[in-house]
Amino acid sequence: MFSGSIPALVTPFRDGALDEAAFRRFVDWQVENGSSALVPCGTTGESATLDHDEHHKVISICVEQAAGRVPVIAGAGSNDTKTALWHMRVAKDLGADAALLVAPYYNRPSQAGLLAHFSYLAEQCDLPIVLYNVPGRTVTDILPETVVELARRFPERIVGLKDASGDLQRVVQHRLGAGPEFCQLSGDDPLALGGYAFGQVGCISVTANVAPRQCAEFHAACLAGDFARARALNDKLFPLHKALFADASPSPTKYALSRLHNWLTADTRLPIAPCSDAAKKAVDAAMEIAGLF
């Protein structure tokens, strides 16, 4: 269903507001450089600091500008089940192809609570769901048995998982429990190469914001089984994977994009502070290694 290089898109700001013209141009640049799908309103898109109107506007722009060239997986998660359902329904009406649903954060639900939350959403809206497990941010961890049970209950609704747990053995557990058709995507750029060996088919990526062509080439090599080429490409991208987290994300990513394009600013919203000087140096060095300038 989804595979390859899938950027979790930044949300461009200018003077504190959504920069619609820049975002449209950014979507075009991503598609033209080989990104295989797009994720608006994910973590890298600063969804936590978008108000609801902005959240839906970003999804609308992304769907409209993508114009069917690639699928759009709209960030729709919330720590409130009814709000997540609202985001899903709006995303469906706007033409998104799927919803990315993060584990409810702050509440710290049990596995039974996670089953109930995602089951309710799958029952109430027919937009395909890609689960998003990122316990480093949410605290709550969607355990493999919960992922497998959700895929078993709703094979036509819950179609995949973005896994940022950092535990690659889970890829095998998910594949053996949910079957090979269940779409497993990495949520960690540095682990994507290893993830392919275990059964992942792509990555919802931070680095692809900055290096879409290089990331698309890396994932194409992995999907073709050309791991010698994939390793060589990964070696060039690896310093960038790390540098983009040298400060609170997405400030290094937005800094990198401002170096590449004069139509994008490095602006973030508080509590994300501007990129530090040390992180800027790391990003500059990594971009040079990746061949971006």
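The values are calculated or read from the model by the stated rules, or taken from the named source; none is laboratory data. Quantities reported herein were computed from a predicted structural model and do not represent experimental measurements. Please note: Cβ atoms are built from the backbone with ideal geometry, for glycine as well, and neighbour counts cover all protein chains shown.
Going by the conditions given, is Asp277 acidic (Asp, Glu), modelled with pLDDT of 95 or more, at negative phi and surrounded by fewer than 17 Cβ atoms within 10 Å (Cβ to Cβ)?
Details: acidic (Asp, Glu): yes; modelled with pLDDT of 95 or more: yes; at negative phi: yes; surrounded by fewer than 17 Cβ atoms within 10 Å (Cβ to Cβ): yes.
Considered against the rule, which asks whether it is acidic (Asp, Glu), modelled with pLDDT of 95 or more, at negative phi and surrounded by fewer than 17 Cβ atoms within 10 Å (Cβ to Cβ), Asp277 comes out as yes.
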For this session: Looking only at the range 87-100, decide whether some residue is free of Cβ contacts under 8 Å to residues at least 24 places away in the same chain and surrounded by fewer than 21 Cβ atoms within 10 Å (Cβ to Cβ).
Result: yes
Exercise. Any idea how many residues of the range 21-51 are under 18 Å from Gly75 (Cα atoms) and touching a residue at least 12 places away in the same chain (Cβ under 8 Å)?
Worked result: 20
Seminar exercise, completed: Within the range 114-124, the residues that are of a type outside the set (Phe, Trp, Tyr) and either assigned to a loop (DSSP other than H, G, I, E, B) or crowded, with 16+ Cβ neighbours inside 10 Å (or both) are Leu114, Leu115, His117, Ser119, Leu121, Ala122
Exercise. Which ones in the range 125-152 are closer than 20 Å to Lys82 by Cβ, β-branched (Val, Ile, Thr) and assigned to a helix (DSSP H, G or I)?
Worked result: Thr138
Exercise. Counting just the residues of the range 53-86 that are among the hydroxyl-bearing types (Ser, Thr, Tyr) and closer than 14 Å to Tyr120 by Cα, which one comes out surrounded by the fewest Cβ atoms within 10 Å (Cβ to Cβ)?
Worked result: Thr83
For this session: Considering only the range 265-285, state which residues are touching a residue at least 24 places away in the same chain (Cβ under 8 Å), within 21 Å of the chain's Cα centre (by Cα) and under 20 Å from Pro239 (Cβ atoms).
Result: Cys275, Val283
Exercise. Is it the case that Thr49 is among the polar types (S, T, N, Q) and surrounded by fewer than 17 Cβ atoms within 10 Å (Cβ to Cβ)?
Worked result: yes
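Would you mind listing the helices (runs of 4 or more DSSP H) fully within the range 185-250 where at least 3 residues are over 24 Å from Arg137 (Cβ atoms) and either of a type in the set (A, V, I, L, M, F, W, C) or under 17 Å from the mean Cα position of the chain (by Cα) (or both)?
On the way: elements: 192-198, 212-223, 227-243.
Hits in the range 185-250: 212-223, 227-243.
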Exercise. Out of curiosity, is Leu244 hydrophobic (A, V, I, L, M, F, W, C), at pLDDT 95 or above, closer than 18 Å to Leu18 by Cβ and crowded, with 21+ Cβ neighbours inside 10 Å?
Worked result: no
Exercise. What about His174, is it buried (at least 19 other Cβ atoms within 10 Å of the Cβ), within 21 Å of Gly42 (Cα to Cα) and not aromatic (Phe, Trp, Tyr)?
Worked result: no
For this session: Specify which of the listed residues (Ala228, Ala248, Ala197, Ala221) is free of Cβ contacts under 8 Å to residues at least 40 places away in the same chain, touching a helix residue (DSSP H, G or I) at 6+ places or on another chain (Cβ under 6 Å) and of a type outside the set (Val, Ile, Thr).
Result: Ala221
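Among the residues of the range 21-29, is any touching a Gly at 6+ places or on another chain (Cβ under 6 Å) and either at pLDDT 95 or above or buried (at least 20 other Cβ atoms within 10 Å of the Cβ) (or both)?
Within the range 21-29, the first condition is being touching a Gly at 6+ places or on another chain (Cβ under 6 Å), and the residues that meet it are none.
Checking the range 21-29: not a single residue is touching a Gly at 6+ places or on another chain (Cβ under 6 Å) and either at pLDDT 95 or above or buried (at least 20 other Cβ atoms within 10 Å of the Cβ) (or both).
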